[in-house]
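S.K.: I'd like to ask some things about the structure below.
The values are calculated or read from the model by the stated rules, or taken from the named source; none is laboratory data. Predicted model, so just to flag it, every value in this text is computed and none were measured. Note: ideal-geometry Cβ built from the backbone for every residue, glycine included; neighbour counts use all protein chains shown.
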Amino acid sequence: MPPGGVLRVALAVEPDWEALDSTLEVDGDDVTATCRQRVTATWPPSRVELIYAPPGGWAPGDHEATLYAPGAHPDTWRFTA
């Protein structure tokens with residue numbers, strides 16, 4: 001991950017989607033409220049992206065992200081900045 005890079009997480013949503021009910025944690029902190037959301041331009045919407053960049057950029061080193069979505073096992077991955 002470059003210092004100015006953003007973390008993008010894409011989620012499929014149902015046609016009657018109204019609000020995202022998922023949580024994104026980075027390095028153990030819930031960052032969901034600070035993520036931007038981008039909804040696909042299809043009608044009805046079929047995908048939402050959570051876009052996260054920490055204030056001041058990524059600290060050098062290893063990081064861990066976990067996505068918690070209703071009805072699914074948490075999905076965790078690691079990356080290096």
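S.K.: Name the residues in segment 37-61 that are under 14 Å from LEU7 (Cβ atoms) and either aromatic (Phe, Trp, Tyr) or more than 9 Å from the chain's Cα centre (by Cα) (or both), would you?
M.R.: The answer is ARG38, TYR52, ALA53, PRO54, PRO55, GLY57, TRP58, ALA59.
S.K.: Could I ask something else about it? If I ask for residues that are touching a Ser or Thr at 6+ places or on another chain (Cβ under 9 Å) and part of a loop (DSSP other than H, G, I, E, B), which ones from segment 39-52 would you list?
M.R.: Of everything in segment 39-52, those that are touching a Ser or Thr at 6+ places or on another chain (Cβ under 9 Å) and part of a loop (DSSP other than H, G, I, E, B) turn out to be THR40, SER46.
S.K.: I would also like to ask the following. Evaluate the following for TRP58: is it surrounded by 11 or more Cβ atoms within 10 Å (Cβ to Cβ), at pLDDT below 95, among the hydrophobic types (A, V, I, L, M, F, W, C) and assigned to a loop (DSSP other than H, G, I, E, B)?
M.R.: yes
S.K.: Of the residues in segment 1-37, how many are part of a strand (DSSP E or B), of a type in the set (S, T, N, Q) and surrounded by 16 or more Cβ atoms within 10 Å (Cβ to Cβ)?
M.R.: Residues meeting the conditions: 1.
S.K.: Taking the condition modelled with pLDDT under 95 and loosely packed, with under 15 Cβ neighbours inside 10 Å, does GLU64 pass?
M.R.: no
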